[in-house]
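The values are calculated or read from the model by the stated rules, or taken from the named source; none is laboratory data. Not measured: the values here are computed from a predicted model. In this analysis, Cβ positions are derived from the backbone assuming ideal geometry, glycine residues included, and neighbour counts consider all displayed protein chains.
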Amino acid sequence: MIEVSHLTKRYGKKYAVRDISFKVNDGEILGFLGPNGAGKSTTMNILTGCLSATDGVAKIDGIDVLEDPLAAKKKIGFLPELPPIYMDMTVEEYLKFVYSLKKCDKNALPREEHIADICKRVRIDDVYKRLIKNLSKGYKQRVGLAQALIGNPEVLILDEPTVGLDPRQIIDIRNLVKELGERHTIILSSHILPEVQATCSRVIVINQGEILADGTPEDLSKVLSGGQVIIVKMLCDKDAALAKLEACPDVRKVSFKNAENDGSSAFVIEGVPDKDVRFAVFEIAKNENWPIIGVENHELTLEEIFLELVKKQEKEKKAQQEVEE
Ligand code: ADP
Ligand code: MG
């Protein structure tokens, strides 16, 4: 459905995106994950024909976005980072305005029915007659989603759709995106990992304009650690424990995290793949008489994932250079 090859956008000497390629299949919900400045909005703006590329090709359903922007745009509903909503219009006025802007086919999509159907889907039918400026942020965002849905596009591109919303509204929008995914191919961007994990069937990690990883959320975590990571709090001598844990064959990596108020020491322990490292840790603690105060799973943060991916990328680049030399 979406095909991007060797896309590059440069501002002067600076690359906003650099030689990125990916495909999105029909019905997929793809998450674009990356920190601020990674190149997410740039890519989305190019895909939606709002921005030209320096190099490369982007196609929607076989149509080149840069060669035939009008035909491509018909296939896309776009929710930009700042939704293009008019505060002084009512929801009704605004959606009718968008309907005429998009030159919707009156026979295929009769105006009243089409708009009523969308309002029901994104649950704004109860504020249809209200001024947009008087709506809560969550409602405003849903009005933004509604305008993207007008014309019934096959593809939805949503740039950070939950930014600035409260937790309740975030959950609403996530559920909505999942529902929309049943009828549309979706790309959404986010700088928050759980966001992408909650909604997407596939994730592309982007940093400094380059793609670092592309796969299912599960693939991603496997690529990253390969082993289980736990945090263990023990009453022990910190250095003695570090030495014992480092020497254990089931432990791949161990580091001291912090000293706790209760006198215990917390360690981050990564196991070797396909083994439950807790057993080995328990064995050591038992033999040394170090009471274990707590054990918990360590969830990788976005920062850690990036660090790991960047490290991995550098390693691969170096290995490739060595092969070439
Ligand atoms: P994201 O959406 O992931 O936060 P962007 O795509 O907005 O990132 O930006 C990617 C990079 O391109 C950033 O470093 C940004 O500063 C730069 N950039 C974006 N727009 C412009 C512009 N008009 N002129 C110069 N640099 C820009
Ligand atoms: Mg952005």
Residues located in segment 66-94, provided they are more than 23 Å from the chain's Cα centre (by Cα) and not in a helix (DSSP H, G or I): 66, 67, 68, 85, 86, 87, 88, 89, 90
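Among the helices (runs of 4 or more DSSP H) contained in segment 106-223, which hold 3 or more residues that are within 30 Å of residue 308 (Cβ to Cβ)?
Details: elements: 111-121, 137-149, 167-180, 193-199.
The helices (runs of 4 or more DSSP H) meeting that bar are 167-180, 193-199.
How about segment 72-85: which of its residues are surrounded by 14 or more Cβ atoms within 10 Å (Cβ to Cβ) and either in contact (Cβ under 8 Å) with a residue 40 or more places away in the chain or of a type in the set (A, V, I, L, M) (or both)? Working first, answer last.
Initially, segment 72-85 is screened for residues surrounded by 14 or more Cβ atoms within 10 Å (Cβ to Cβ), giving 72-81, 83, 85.
The answer is 72, 74, 75, 76, 77, 78, 79, 80, 81, 83, 85.
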Taking segment 8-45 as the search range and keeping residues that are within 10 Å of ligand 2 (Cβ to nearest atom) and outside any loop (DSSP other than H, G, I, E, B), which one is nearest to residue 190 (Cα to Cα)? 32
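Please count how many residues of segment 142-171 are in contact (Cβ under 8 Å) with a residue 40 or more places away in the chain and over 21 Å from residue 41 (Cα atoms). So that I can check it myself, show each step before the final result.
Step one: of segment 142-171, the residues in contact (Cβ under 8 Å) with a residue 40 or more places away in the chain are 143-161, 163.
Narrowing further to those that are over 21 Å from residue 41 (Cα atoms): 150-152.
Going through segment 142-171 one residue at a time, the tally reaches 3.
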Of the listed residues (41, 5), the one being surrounded by fewer than 14 Cβ atoms within 10 Å (Cβ to Cβ), touching a residue at least 12 places away in the same chain (Cβ under 8 Å) and hydroxyl-bearing (Ser, Thr, Tyr) is 5
Restricted to segment 156-215, and to residues that are over 15 Å from the mean Cα position of the chain (by Cα) and among the basic types (Lys, Arg), which residue is farthest from residue 75 (Cα to Cα)? 168
Qualifying positions in segment 31-76 - of a type in the set (Gly, Ala, Ser) and within 12 Å of ligand 1 (Cβ to nearest atom): 34, 37, 38, 39, 41, 52
With the structure loaded, tell me whether residue 56 is on the phi > 0 side of the Ramachandran plot, of a type in the set (Gly, Ala, Ser), modelled with pLDDT of 90 or more and not in a loop (DSSP other than H, G, I, E, B) or whether it fails that test. yes
Right, residue 123: surrounded by 18 or more Cβ atoms within 10 Å (Cβ to Cβ) and among the basic types (Lys, Arg) or not? no
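Condition test on residue 246, is it more than 16 Å from ligand 2 (Cβ to nearest atom) and either more than 14 Å from the chain's Cα centre (by Cα) or surrounded by fewer than 22 Cβ atoms within 10 Å (Cβ to Cβ) (or both)? Give the derivation first.
On the way: more than 16 Å from ligand 2 (Cβ to nearest atom): yes; either more than 14 Å from the chain's Cα centre (by Cα) or surrounded by fewer than 22 Cβ atoms within 10 Å (Cβ to Cβ) (or both): yes.
Yes, satisfied.
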Where residues in segment 163-189 are at pLDDT below 90 and not hydrophobic (A, V, I, L, M, F, W, C), which of them is surrounded by the most Cβ atoms within 10 Å (Cβ to Cβ)? 172
Being under 28 Å from residue 74 (Cβ atoms), at pLDDT 95 or above and among the aliphatic types (A, V, I, L, M): is that true of residue 131 here? no
